[in-house]
Every structure is written in structure tokens, then in C-alpha cells.
Amino acid sequence: MSDNNIKIFDTTLRDGEQVPGCKLNTEQKVVIAEQLDKLGVDAIEAGFPVSSPGDFKSVQAISKIVKNATVCGLTRAVKNDIKVAAEALRYASKPRIHTGIGTSDSHIIHKFRTNRVDIIQRAFDAVKYAKSFVEDVEFYAEDAGRTENEYLARVCEAAIKAGATVLNIPDTTGYCLPSEYGAKIKYLKEHVKGIEKAILSCHCHNDLGLATANSIEGVINGARQIECTINGIGERAGNTALEEVVMVLKQHPYLNLDTNIKTEMLYGMSQLVSDSMGIYTQPNKAIVGANAFAHSSGIHQDGMIKNRGTYEIINPKDVGVTESAIVLTARSGRAALAYRAKNVGYELTKLQLDDVYANFLSFADRKKEINDGDIHQIIETSKVYR
Ligand code: KIV
Ligand code: ZN
């Protein structure tokens, strides 16, 4: 595996599942985990085992069926959480414990009511204890986005000393600008002693709509894992969307960063997660939204019909969408109408098209979107065609 391979850590079943209104049962989680494994993710965060007996059961069931990916369970920096996670992960062929603690002053002062030195000690102890169960231990510094870099570096050093294999740098509140987040990763790469023993991981939230941009800046600056969810689901405004970061890297080969994701499975994966969770994906969602490959204005449709590269930067087949859609509305032009008419069996002359187009516009002003059945009706009721 090259040094430029970016590991994809999927947390749909843990951080994603924290989305209000979502309840997945163990069977549904197992189906999603199986598909994530086939998709090619490197790690699946299956849940937070100590949080409930149901979550414990799900992490255990997923550990038994996942063949390729690392299976991970979340814990706080609390002995019992870690012990329970180790138990839930017992059957995983590649188990990972993900433990950590808040490191920003706001967490230290208000949540833990303690001091920086104590947090470093708790971080060290948690990783050390997790290492007594599994080899692969990921440490998260919650709210790293708002943690002062110099202190964050000291916390990371303690985690590495205790044996952490991955250092997760979450922008928990989605506050960072891409330049700031990228600079944070670069700072850690350059200042943490022993950093060569672990990889840095980006875990970004989308409160300001910057999760994808921040994760990409993170890997450009040296992180080698991205934590993300299908459709970007997650608490509040959600997490980094898996399909977005994967396609950003694929569509920008000069970055020389790749992933192991089978991108043709992305659309199906999105549908599976949305259907199972009962969480609707907005139509304009990048990559997997219903309109991601739909063209409706006349100017765009004309350009698309002549050469799809004019308005599309991704081949829809690359993400599992059969083809782009030329949507007929009152904003569409003659080129789009002729194209759609041809698809349903009418080869219109220029004269016929002028007449059918006038009929089409009055029809389309009444009805928002014109389907294939409407096209037959519009053409058959046009004067010249008859
Ligand atoms: O956003 C966050 O900080 C998290 C950690 C618990 C990893 O989800
Ligand atoms: Zn998170």
C-alpha cells in the first residue's frame, strides 16, 4: 500500500447513527456493515458498546461478519467502557478500540472540571489500558479543532507513548476553517515526537458546511485517514460525507492521494443507508442526490447534449448512477425537447420541432416536469406533426 493511500474510516453506524430520528436495529446494522465492507472502507466504527445492550450486541454481530475491514468500538477514557468495548470486539478479525477525551479548555474546565495535566494523564492511561486488550488503538482528542496546537501536541505525544496507532483530530463543533484545520495537521506532523509511529486522522463535523473541505485540507497536510459517514449523516449538521471526500480525491488525481473505495457502489450505498434509517437525502446533495446528475435549464441541456463534459465533472456511472437526466421543464430549450423526443421514438424535423416546442411550453407552464408519457401527448396534439 502506498504512503499516499488514504484510509476511509466509516462511522455511519456510530456518529452517523446519532442523528435524531434514526433507529437502526442490529439486523439493519449488519446489512449496512456488510455493504460497507464490500464498498472497500478500511475501518467500520460499529458503535459505542457501553452505551446500551443493543449497541453492544450490534458491535458483536458486526465483528463476527465483517471479513476485510477493521471493526472499531468507541469508548470514553473510562476503564469500564474500554473493557466492554474489548468484549464486544472479541470476534473481530481486526479489532480496534477508539478511546479518547476532550482536550479544549472548554471541555477541560466545564465538562471535566479539571486541568490540562490531568487530561494528559487520563489520555495516557486510557490508551495503555486499551492496549492490554488489542494492538490497534485509536485515540481521539475531542474538540481538537478548538484546542490550542501546542497543548494538543503534548496530548498526542502521551497517546503515542502509551501505544496509540491512530491519532484522531476531531473538529467536533465544525468550527475550523480549512486553512486552520490543515495548519493544525501540519503542526502536529512537525511537532509531535514519535509521530512516525501513528497516523493522523481527520474527523470533521459540518456545522459551517466545511467538513469535506477541512478533511481534504487535512490529508493534503499529512493526515492519512478520513472519518466520515454515508450521505454525511450525523448529529446537528452531520459529519464529513464519505462519497464527497472519495470523489474529490478521485477527480483530482494530481493530489496523488487515493482510497480503496469501489466508487460504483456509492449511489446504492447511499440509498441503502437513507432507506434503512428513514432519513431522506436532499435532492441537491453532492454525488448521490436525485439532482446530482440532472440538467434542467435550456442553456445547460444544450451544452450537455453536445458534450457532457461541458456541465459534468463526474461520469455518473463512476458513482453507480446509470445516466445523467435531461429534465424537461418550462426552462428547457428545443435541443432538450428534440433529445427526449428522440429517446421515445420521434425524429422531429426543424419545422415540426418549432410547432411541438410551442405546444410543449404551454403544457410545461401548467405541469412542473414533463415525463415520457407527456411527450407523446404533446407531440401527437401538435398541429404540424398531425
Ligand atoms: O466529533 C467527535 O469529537 C467524536 C469523537 C467522539 C470521536 O465523534
Ligand atoms: Zn464526531
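The values are calculated or read from the model by the stated rules, or taken from the named source; none is laboratory data. Just so you know, these numbers come straight off a predicted model, no measurement behind them. Backbone-built Cβ (ideal geometry, glycine too); neighbour counts: all protein chains shown.
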| Does the stretch 271-304 hold any residues that are out of contact with any strand residue (DSSP E or B) (no Cβ under 7 Å at 6 or more places or on another chain), more than 30 Å from Ala33 (Cβ to Cβ) and buried (at least 18 other Cβ atoms within 10 Å of the Cβ), and which are they? | His300, Asp302
| field | The listed residue being in a strand (DSSP E or B), away from ligand 2 (no atom under 12 Å from the Cβ), touching a Leu at 6+ places or on another chain (Cβ under 8 Å) and under 20 Å from Ile6 (Cβ atoms), out of Leu188, Leu167 | value | Leu167
| Qualifying positions in the stretch 292-338 - in contact (Cβ under 8 Å) with a residue 12 or more places away in the chain and more than 24 Å from Ala364 (Cβ to Cβ) | Ile313, Ile314, Pro316, Lys317, Asp318, Val319, Gly320, Val321
| request: Select, from Glu227, Glu243, Glu264, the only residue that is at negative phi and outside any helix (DSSP H, G or I). | output: Glu227
| said: Would you confirm whether or not the stretch 152-163 contains a residue that is in contact (Cβ under 8 Å) with a residue 40 or more places away in the chain, on the phi < 0 side of the Ramachandran plot, within 16 Å of ligand 2 (Cβ to nearest atom) and of a type in the set (A, V, I, L, M, F, W, C)? | reply: no
| Yes or no: Lys193 more than 16 Å from ligand 2 (Cβ to nearest atom), within 22 Å of Lys7 (Cβ to Cβ) and charged (D, E, K, R)? | no
| request: Give the residues of the stretch 153-171 that are under 23 Å from the mean Cα position of the chain (by Cα) and surrounded by 22 or more Cβ atoms within 10 Å (Cβ to Cβ), sorted by residue number. | output: Val166, Leu167, Asn168, Ile169, Pro170, Asp171
| Which residues, taken from the stretch 214-228, are within 15 Å of ligand 1 (Cβ to nearest atom) and either among the small types (Gly, Ala, Ser) or in contact with a Ser or Thr (Cβ under 7 Å, 6 or more places away or on another chain) (or both)? | Ser215, Gly218, Ala223, Gln225, Ile226, Glu227, Cys228
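This table checks each residue for (1) at pLDDT 95 or above; (2) closer than 26 Å to Ile216 by Cβ; (3) within 16 Å of ligand 1 (Cβ to nearest atom); (4) aromatic (Phe, Trp, Tyr).
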{"position": "Gly21", "(1), (2), (3), (4)": "no, no, no, no"}
{"position": "Gln35", "(1), (2), (3), (4)": "yes, yes, no, no"}
{"position": "Ile44", "(1), (2), (3), (4)": "yes, yes, yes, no"}
{"position": "Gly47", "(1), (2), (3), (4)": "yes, no, yes, no"}
| said: For the stretch 81-136, give me each residue that is without any contact (Cβ under 8 Å) to a residue 12 or more places away in the chain and of a type in the set (Ser, Thr, Tyr). | reply: Thr114, Ser132
| field | Residues located in the stretch 213-233, provided they are within 15 Å of Gly145 (Cβ to Cβ) and surrounded by fewer than 24 Cβ atoms within 10 Å (Cβ to Cβ) | value | Ala213, Asn221
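What number of residues within the stretch 123-142 satisfy the criterion of being out of contact with any helix residue (DSSP H, G or I) (no Cβ under 7 Å at 6 or more places or on another chain) and either more than 20 Å from Phe9 (Cβ to Cβ) or more than 16 Å from ligand 1 (Cβ to nearest atom) (or both)? Break it down stepwise before answering.
Of the residues in the stretch 123-142, the ones out of contact with any helix residue (DSSP H, G or I) (no Cβ under 7 Å at 6 or more places or on another chain) are 125, 128, 131-132, 135-136, 138, 140.
If we keep only those that are either more than 20 Å from Phe9 (Cβ to Cβ) or more than 16 Å from ligand 1 (Cβ to nearest atom) (or both) as well, we get 125, 128, 131-132, 135.
The number of residues fulfilling the criteria is 5.
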| Does Ser93 count as away from ligand 2 (no atom under 16 Å from the Cβ), polar (S, T, N, Q) and in a loop (DSSP other than H, G, I, E, B)? | yes
| task | Scan (1) without any contact (Cβ under 8 Å) to a residue 60 or more places away in the chain; (2) within 16 Å of ligand 2 (Cβ to nearest atom); (3) among the hydroxyl-bearing types (Ser, Thr, Tyr) for the single condition Tyr140 breaks and write down its number. | result | (1)
| query | For the stretch 229-252, which residues satisfy the criterion of being within 16 Å of ligand 1 (Cβ to nearest atom) and not hydrophobic (A, V, I, L, M, F, W, C)? | reply | Thr229, Gly232, Gly234, Glu235, Arg236, Gly238, Asn239, Thr240
| On the given criteria, is Asn214 modelled with pLDDT of 95 or more and outside any helix (DSSP H, G or I)? | no
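Take the residues in the stretch 187-211 that are touching a residue at least 60 places away in the same chain (Cβ under 8 Å) and surrounded by 23 or more Cβ atoms within 10 Å (Cβ to Cβ); name whichever of them is farthest from ligand 1 (Cβ to nearest atom).
So the first thing to find is which residues in the stretch 187-211 are touching a residue at least 60 places away in the same chain (Cβ under 8 Å), and the list is 199, 201, 203.
Imposing the further condition that a residue be surrounded by 23 or more Cβ atoms within 10 Å (Cβ to Cβ) reduces the set to 201, 203.
On the way: Ser201: 9, His203: 5 Å.
Among them, the one singled out is Ser201.
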| query | In the stretch 69-93, which residues are within 19 Å of Ile8 (Cα to Cα) and surrounded by fewer than 19 Cβ atoms within 10 Å (Cβ to Cβ)? | reply | Ser93
| field | Those residues of the stretch 143-186 which are within 14 Å of ligand 1 (Cβ to nearest atom) and among the β-branched types (Val, Ile, Thr), in sequence order | value | Thr147, Val155, Val166, Ile169, Thr172, Thr173
